[in-house]
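In what follows, a single structure is set out as structure tokens and then discussed.
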Amino acid sequence: MFYSRRSFLIIIGSIFGSKAFSLIRSSLNFSKNVGVPKQNLNFLNKVLAIPSSTTSSINLSNSIKKKVRVIVISDLNDNYGATTYSPEVIKSISLIKQSKPDLVLCAGDMIAGQKYSLTKKQIQAMWIAFDIHITSHLKQLKIPFGFSLGNHDASGAIYKNQLTFYKERILASQFWNNYQHIPELDFIDKGKFPFYYTFKQNSIFYLVLDASTHIISKEQLIWITNSLESLDSKQASLRFVIGHLPLYPIAVGRNNNGNFIKNGEKLQILLEKHDVHTYISGHQHSYYPGKKGNLELLYSGALGGGPRRLLNSKSPPVKTLTIIDISLPLKQTKYTTYSMSNLQILDIKTLPKSIGNIHRKDISSLKNI
């Protein structure tokens, strides 16, 4: 009890200064005259014995986390129907454990679906395998896990007004809404979870898109606007958006229509209007730390099968994992990206200075290239 009272009075002193201690002294003198129990007088005497320099050095904001670490992975899947994962995916768990992040994000393609011939049992087996290899370990480490669904998880492709992979979307929803698998996140809006939803963590507002196809529906665009205009979004220190498909292409073989969001420019304008800091995507299977306008674009690369070469680059493709260290006061991000085949850190200077209208995030603008 002594320490809780002591801490309380230290805080009072740090806020109100010497006046608070003068009041305590006056109360102490009065208490002696009216017969306050001796143990309470001893407590007050100990408080008054604390040097003033101690009270003035108390910083009430110390309890607020100013630096946040997020690990980003993406495109973990292997061949269609596979219930096994490549060595780089398995190796990532050790790196995650060592790095002690506040959150792990996956930009989609956790399993290897999007094939008509896959049965219900095969799809369910893939989700169980993902839990065994990935999410069960994160739960043991008590690391929150957020994700967007990719085209191989639960494609939202529509043909003749019908969902092409309706079965896969139903099974994905059943898996993630099972009480054993639902992530331990501070959800804000989970009405459409796991397809699109919002949550808040360490004063950062996260909006997850259903970008499992290149078309973002009008319904979802309205939801995006309303979510970013919400009080939770406005009060957050930063806003991040996560979706599987990127706004713009950056990889060989993924620069044709359907492999990036249609009208990505309009979506970027919407995100910038609401001061979104970063859009995190997958699908391109190439890592690139980009920026366009005021929006940072993290292309998270592939951790599983089929990494691809960047446009404007002759460097061989690599499987990657990215650590984002975020300074909330400065509103800045620092990436540390590993080549998971040899655990070497990638040098950002070896990447193209620009790809199309996107420039590398360490370069202030395209004009400086």
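Numbers below:
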read-out: Likely footprinting exposure, Ser315, Ser286, fewest C-beta neighbours within 10 Å first; value: Ser315, Ser286
read-out: Set of the range 202-240 residues, backbone N closer than 11 Å to the point 7 Å along the Cα-Cβ line of Asp275; value: 233-239
read-out: For peptides 211-220, 253-262, 131-140, 198-207, sequence by mean Cβ density within 10 Å, most packed first; value: 198-207, 211-220, 131-140, 253-262
read-out: Three-way shape label, the range 222-369, alpha-carbon gyration tensor, a/c 1.5; value: prolate
read-out: Of Leu311, Ile182, Ile224, farthest towards positive along the dipole that unit charges on Lys, Arg, Asp, Glu beta carbons give the range 64-368; value: Leu311
read-out: Cα-based shape type of the range 64-368, given that a ≥ b ≥ c are square roots of the gyration tensor eigenvalues and the cut on a/c is 1.5; value: rounded
read-out: Gain upon complete extension [Ser341, Asn177; 0.36 nm per residue less C-alpha separation]; value: 55.7 nm
read-out: Pairs from Lys66/Lys349; Lys167/Lys200; Lys160/Lys262; Lys66/Lys234; Lys100/Lys190 whose Cα-Cα separation, in the structure shown, is over 22 Å; value: Lys66/Lys349; Lys167/Lys200; Lys100/Lys190
read-out: Partners for Lys266 among aspartates and glutamates (Cα-Cα distance below 16 Å; same-chain residues under 8 apart left out); value: Glu219, Asp275, Glu296
read-out: Spatial separation of Cα centroids for the range 210-232 and the range 306-344, in angstrom; value: 27
read-out: Local electrostatic count, Leu95, Cβ distance below 13 Å [Lys/Arg +1, Asp/Glu -1]; value: +4
read-out: Contour minus Cα-Cα distance for Ser327 and Asp186 (0.36 nm per residue); value: 48.7 nm
read-out: Cβ-Cβ FRET estimate between Lys200 and Thr119, R0 fixed at 30 Å, reported to 0.05; value: 0.20
read-out: Order of Glu168, Glu229 under a 10 Å beta carbon neighbour criterion, fewest first; value: Glu229, Glu168
read-out: More than 26 Å apart - percent of Cα-Cα pairs taken over the range 77-187; value: 19
read-out: Electrostatic dipole magnitude of the range 64-368 [Cβ: Lys, Arg +1; Asp, Glu -1; Cα centre; debye, to 20]; value: 520
read-out: Additional length obtainable on full extension of the chain from Lys167 to Asn226, 0.36 nm per residue less Cα span; value: 18.3 nm
read-out: Label point at Lys66 placed 7 Å out along Cα→Cβ; residues across the range 196-223 whose backbone nitrogen lies under 16 Å; value: 203
read-out: Packing-based exposure ordering (other Cβ within 10 Å, fewest first) of Tyr179, Tyr196, Tyr338; value: Tyr179, Tyr338, Tyr196
read-out: Within-9-Å neighbourhood charge of Val252 [Cβ basis; K, R +1; D, E -1]; value: +3
read-out: Scaled radius of gyration (Cα, divided by 2.2 N^0.38 Å) that the range 69-131 gives; value: 1.23
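Throughout, read-outs are computed from the coordinates displayed, never taken from laboratory work. These figures come from a predicted structure and were not determined experimentally. Please note: Cβ atoms are built from the backbone with ideal geometry, for glycine as well, and neighbour counts cover all protein chains shown.
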